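All remarks here apply to the structure that follows.
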Amino acid sequence: MDKSSALEYINQMFPNEASLSGVEPLMQKIQNEIRTVDAGILSAVRQQSNSGTKAKEDLAAATRAVEELMYKIREIKTKAVQSETMVQEICRDIKKLDFAKKHITTTITALHRLTMLVSAVEQLQVMASKRQYKEAAAQLEAVNQLCSHFEAYRDIPKIIELREKFKNIKQILKSHVFSDFSSLGTGKETEETNLLQQLSDACLVVDALEPSVKEELVNNFCNRELTSYEQIFEGAELAKLDKTERRYAWIKRRMRSNEEIWKIFPSSWHVSYRLCILFCKKTRKQLEDILSNLKEKPDVGTLLLALQRTLEFEDELAEKFGGGTQNREIGNEIEEIGRSPNSSSNASDIRKKYEKKLAAHQGSESEERDGSKDLAVPGAGFNFRGIVSSCFEPHLTVYVELEEKTLMDSLEKLVQEETWDIEEGGQSSVLSSSMQLFLIIKRSLKRCSALTKSQTLFNLFKVFQKILKAYATKLFARLPKGGTGIVAAATGMDGQIKTSDRDERVICYIVNSAEYCHKTAGELAESVSKIIDHQFADGVDMSEVQDEFSAVITRSLVTLVHGLETKFDIEMAAMTRVPWGTLESVGDQSEYVNAINLILTTSIPTLGSLLSPVYFQFFLDKLASSLGPRFYSNIFKCKQISETGAQQMLLDTQAVKSMLLEIPSLGRQTSSATSYSKFVSREMSKAEALLKVILSPVDSVADTYRALLPEGTPMEFQRILELKGLKKADQQSILDDFNKHGPGIKQTQITPAIAPAPPVAPVVPSPTAVGLVASREDVLTRAAALGRGAATTGFKRFLALTEAAKDRKDGPFRKLFNP
């Protein structure tokens, strides 16, 4: 403890004089503790002294033990060296004897094998001279094995002599075998019964010789077999395109008739396989010459027949020699094109589709496993498909031209026979010509894909694009057009589109058909890209065609909107003919509003039932963007509007707004009506604001106009004054005041003044700004009061009518109060 701590402790132990009586016991206790600590320290010092002495004794003992161990190790090493020397002296003579034995054994073995080699070569020479092929084949194997043992002695004269003799014997055997095989196919095999057996044994000899001998023999045999083929079909009579089928009949007949004879060849040689490859190459060359030497374009029927027979022959060869059925799924892919006009497929169709694909995949795997034994041949990956038929590819332009003409004729016929109507109760609302056109295209694709999957298929795909674009043009041409000419211009109908109820249905069918064509064109491109050769797959694209059909859809929907606009023309004109300036009282909604309601209730349900939700929403947006501003501008076309007339027109405006908001319900498509409703409310509120400006008193009309229509123009404001019936002299002062204050009220932006140092000084707006704000709030308050009908007694009458209408259960006026 430091000094202060000790004093605190003593004061704590003896806080007063009475506690000093315990000093003696405390001192005694401390003395006892000191003695105990001293005794412990003394004991520890003694123990440490004894431990140091014992450690020195243990270290000395360990040192003596290490020295004794080192001495014993040196003794052991000395004895080991002595033992090794003794063993080497004992085994020195035994090692020499072991090497001698090894050399003698090697010499005896080599001499024995040399004797065997000399004997085998002499026997092989005799067998070769007597054409004993079966025995010679076995002897060849033995000599080859014996020669392999003398590779290390190939520079010894005797070995050189034997190897040269063996080489000459093999040459003799080769010449004998080739000589005997030259008689095969000459008819001698029927006269000499043992010739086939002899040739079969000769094949064993060929297998024992170098691989090049077998290759040479098979090539000679195949060329000799096809010599007569070349002679026959190079003649003027058979060197024609229409005789192509006879070529394949010749090789099939040749293979059937010689099947038994050709069994002399080992199956590992695959003579028939190589013969067919050589036949295909020679046939391709001859057909190329025939096609290139044609003076005129080949007849399409003859060309396609020759190509069809060639493809069938290639398929037979591919199946016979393991080419598989790689195009099994092509038909399934084509069948999926335009399967259903509806945008969604049910789950069972999708499940069946993928079950077929899985079954086809498993079938191909099992066939590969079953045929794997026969495919273990050199060059088994050779693809027979296209080996001959590819020579037709450059000459198939006539076929593509024929397909194009056929498709064009079919398109014209479909459009001529199109009724532009759908039977009642039909599952889809797509024109029959659309579905029939894709069925025709699908059949054309099947025909072409069965013939070729290269450049010709790509050219045909371009024809499909051309046909579909032509069909899009036909659909576009069927849309109703606006009036043209002198009569249309004189009657004010120039550019207007008149549509009947049937026209509206036809336009909906065109929209649905264009949507179906857009979707199916994409499926067509996807299927073709899977079928066609990979180098053409990147060029398979239907985006331009799909853009054409998208343009048809857009134009059709715009035409629908224009058609309804034309129907509204009469009612808009009727609205301007109403004597709004002399109207005495506010009644139910006007006749032109009822007529607008009749037009909507007649057309919208049909359009909603035929159009998809996406396109119906597009139609609604276009319709709202047209009718709202049109109704607003139509108010300016009216003559003078009195206070009562403005009240009646405001009632009509609210009724029209209610009708427009009910359009999604009429079309039974309310899923995306929120944005449409907001748009209609915003556009129609402009017309309501305009009428409220007309209803406002003359002294506040400018302020009301600036408050409710801040984007208005001086020309519009002047027209409002004319609608209110003001004279030119009265208008001028109001116009001057309006132009002086500007067309709209904008609140001045006040920048707060901040003191340079804290605390922050209070912000004090200027008196001018306060006046502007107060003025704007006053105008808005008055306009709102005017909107609630508190400005005039005439408007109070209007409110009385609306209150009375709330109690009615039906009637067009009641629609204003529906929730």
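The values are calculated or read from the model by the stated rules, or taken from the named source; none is laboratory data. Please read these numbers as outputs of a predicted model, since none were measured by experiment. Cβ coordinates were reconstructed from backbone atoms using ideal geometry, including for glycine residues, and neighbour counts include every protein chain displayed. Just so you know, the surface numbers come from the protein's heavy atoms only, side chains and all, with ligands and any DNA or RNA stripped out. Shrake-Rupley method; radii C 1.70, N 1.55, O 1.52, S 1.80 Å.
Quick check: is even one residue across the stretch 261-270 touching a helix residue (DSSP H, G or I) at 6+ places or on another chain (Cβ under 7 Å), touching a residue at least 40 places away in the same chain (Cβ under 8 Å) and not in a helix (DSSP H, G or I)?
Of the stretch 261-270, the ones touching a helix residue (DSSP H, G or I) at 6+ places or on another chain (Cβ under 7 Å) are 261-262, 264-266, 269.
Pick out the ones that are also touching a residue at least 40 places away in the same chain (Cβ under 8 Å) and you get 261, 264-266, 269.
Narrowing further to those that are not in a helix (DSSP H, G or I): 265-266.
Checking the stretch 261-270: at least one residue is touching a helix residue (DSSP H, G or I) at 6+ places or on another chain (Cβ under 7 Å), touching a residue at least 40 places away in the same chain (Cβ under 8 Å) and not in a helix (DSSP H, G or I).
Being at pLDDT below 80, at positive phi and open to solvent by 70 Å² or more (accessible area, probe 1.4 Å), is that true of even one residue in the stretch 662-679?
yes
Check whether at least one residue in the stretch 601-617 is farther than 15 Å from Leu650 by Cα, outside the structural domain of Tyr676 (by the TED database), of a type in the set (Val, Ile, Thr) and touching a Leu at 6+ places or on another chain (Cβ under 7 Å), and report yes or no.
Going through the stretch 601-617, the residues farther than 15 Å from Leu650 by Cα turn out to be 601-617.
Those still in the list that are outside the structural domain of Tyr676 (by the TED database) too: 601-617.
Right, trim to of a type in the set (Val, Ile, Thr) and you get 601-602, 604, 606, 614.
Remaining after also requiring touching a Leu at 6+ places or on another chain (Cβ under 7 Å): 601, 604.
Checked against the condition, which is being farther than 15 Å from Leu650 by Cα, outside the structural domain of Tyr676 (by the TED database), of a type in the set (Val, Ile, Thr) and touching a Leu at 6+ places or on another chain (Cβ under 7 Å), the stretch 601-617 yields at least one hit.
If only one of Thr302, Thr283 is in contact with a helix residue (DSSP H, G or I) (Cβ under 7 Å, 6 or more places away or on another chain), within 16 Å of Ala239 (Cα to Cα) and modelled with pLDDT under 85, which one is it?
Working: Thr283 fails: modelled with pLDDT under 85.
Going through Thr302, Thr283 in turn, just one is in contact with a helix residue (DSSP H, G or I) (Cβ under 7 Å, 6 or more places away or on another chain), within 16 Å of Ala239 (Cα to Cα) and modelled with pLDDT under 85: Thr302.
Confirm whether Lys446 is out of contact with any strand residue (DSSP E or B) (no Cβ under 6 Å at 6 or more places or on another chain), closer than 20 Å to Ala525 by Cβ and without any contact (Cβ under 8 Å) to a residue 40 or more places away in the chain. Quick ask: steps written out before the conclusion?
Values: out of contact with any strand residue (DSSP E or B) (no Cβ under 6 Å at 6 or more places or on another chain): yes; closer than 20 Å to Ala525 by Cβ: yes; without any contact (Cβ under 8 Å) to a residue 40 or more places away in the chain: no.
Considered against the rule, which asks whether it is out of contact with any strand residue (DSSP E or B) (no Cβ under 6 Å at 6 or more places or on another chain), closer than 20 Å to Ala525 by Cβ and without any contact (Cβ under 8 Å) to a residue 40 or more places away in the chain, Lys446 comes out as no.
Against the conditions (1) surrounded by fewer than 17 Cβ atoms within 10 Å (Cβ to Cβ); (2) over 17 Å from Leu564 (Cβ atoms), where does Ile641 fall short? Just the number, please.
Exception for Ile641: condition (1).
Find all pairs meeting these conditions: Cβ atoms under 6 angstrom apart; at least six residues apart or on different chains; first residue within the stretch 283-296 and within 15 Å of Glu245 (Cα to Cα); second residue charged (D, E, K, R) and open to solvent by less than 20 Å² (accessible area, probe 1.4 Å).
What qualifies is Thr283/Arg247.
In this structure, does Ile553 turn out to be out of contact with any Lys or Arg (no Cβ under 7 Å at 6 or more places or on another chain) and either surrounded by 14 or more Cβ atoms within 10 Å (Cβ to Cβ) or at pLDDT below 90 (or both)? Steps first, please.
Numbers: out of contact with any Lys or Arg (no Cβ under 7 Å at 6 or more places or on another chain): yes; either surrounded by 14 or more Cβ atoms within 10 Å (Cβ to Cβ) or at pLDDT below 90 (or both): yes.
The answer is yes for Ile553.
If you go through the stretch 285-317 one residue at a time, how many are within 17 Å of Ala249 (Cβ to Cβ) and among the basic types (Lys, Arg)?
Going through the stretch 285-317 one residue at a time, the tally reaches 1.
The rows are residues; the columns are (1) open to solvent by 50 Å² or more (accessible area, probe 1.4 Å); (2) outside the structural domain of Gly301 (by the TED database); (3) of a type in the set (A, V, I, L, M); (4) at pLDDT 90 or above.
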| position | (1), (2), (3), (4) |
| --- | --- |
| Lys413 | yes, yes, no, yes |
| Thr419 | yes, yes, no, no |
| Ser428 | no, yes, no, no |
| Met435 | yes, yes, yes, yes |
| Ile441 | no, yes, yes, yes |
| Arg447 | yes, yes, no, no |
| Ala450 | yes, yes, yes, no |
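Do we find that Lys462 is touching a residue at least 12 places away in the same chain (Cβ under 8 Å) and not hydroxyl-bearing (Ser, Thr, Tyr) in this structure? Show your work before the answer.
Values: touching a residue at least 12 places away in the same chain (Cβ under 8 Å): no; not hydroxyl-bearing (Ser, Thr, Tyr): yes.
No, not satisfied.
If you scan the stretch 535-592, which residues turn out to be under 19 Å from Ile510 (Cβ atoms), free of Cβ contacts under 8 Å to residues at least 60 places away in the same chain and of a type in the set (Lys, Arg)?
Listed by number, the list is empty, since nothing qualifies.
Matching residues to (1) without any contact (Cβ under 8 Å) to a residue 24 or more places away in the chain; (2) open to solvent by 40 Å² or more (accessible area, probe 1.4 Å):
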{"site": "Glu135", "(1), (2)": "yes, yes"}
{"site": "Glu141", "(1), (2)": "no, yes"}
{"site": "Glu151", "(1), (2)": "yes, yes"}
{"site": "Asn168", "(1), (2)": "yes, yes"}
{"site": "Ser175", "(1), (2)": "yes, yes"}
{"site": "Leu184", "(1), (2)": "no, no"}
{"site": "Gln198", "(1), (2)": "no, yes"}
{"site": "Glu215", "(1), (2)": "yes, yes"}
{"site": "Phe233", "(1), (2)": "no, no"}
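With the condition kept exactly as written, say whether any residue in the stretch 583-601 is out of contact with any helix residue (DSSP H, G or I) (no Cβ under 8 Å at 6 or more places or on another chain) and of a type in the set (Val, Ile, Thr).
Let us first name the residues in the stretch 583-601 that are out of contact with any helix residue (DSSP H, G or I) (no Cβ under 8 Å at 6 or more places or on another chain), namely 598.
From the residues that got through so far, the ones that are of a type in the set (Val, Ile, Thr) too are none.
Scanning the stretch 583-601 turns up no residue that is out of contact with any helix residue (DSSP H, G or I) (no Cβ under 8 Å at 6 or more places or on another chain) and of a type in the set (Val, Ile, Thr).
Given the conditions (1) open to solvent by less than 10 Å² (accessible area, probe 1.4 Å); (2) within 32 Å of the chain's Cα centre (by Cα); (3) farther than 23 Å from Val463 by Cα; (4) not aliphatic (A, V, I, L, M), which single one is not true for Thr520?
Result: Thr520 fails condition (3) only.
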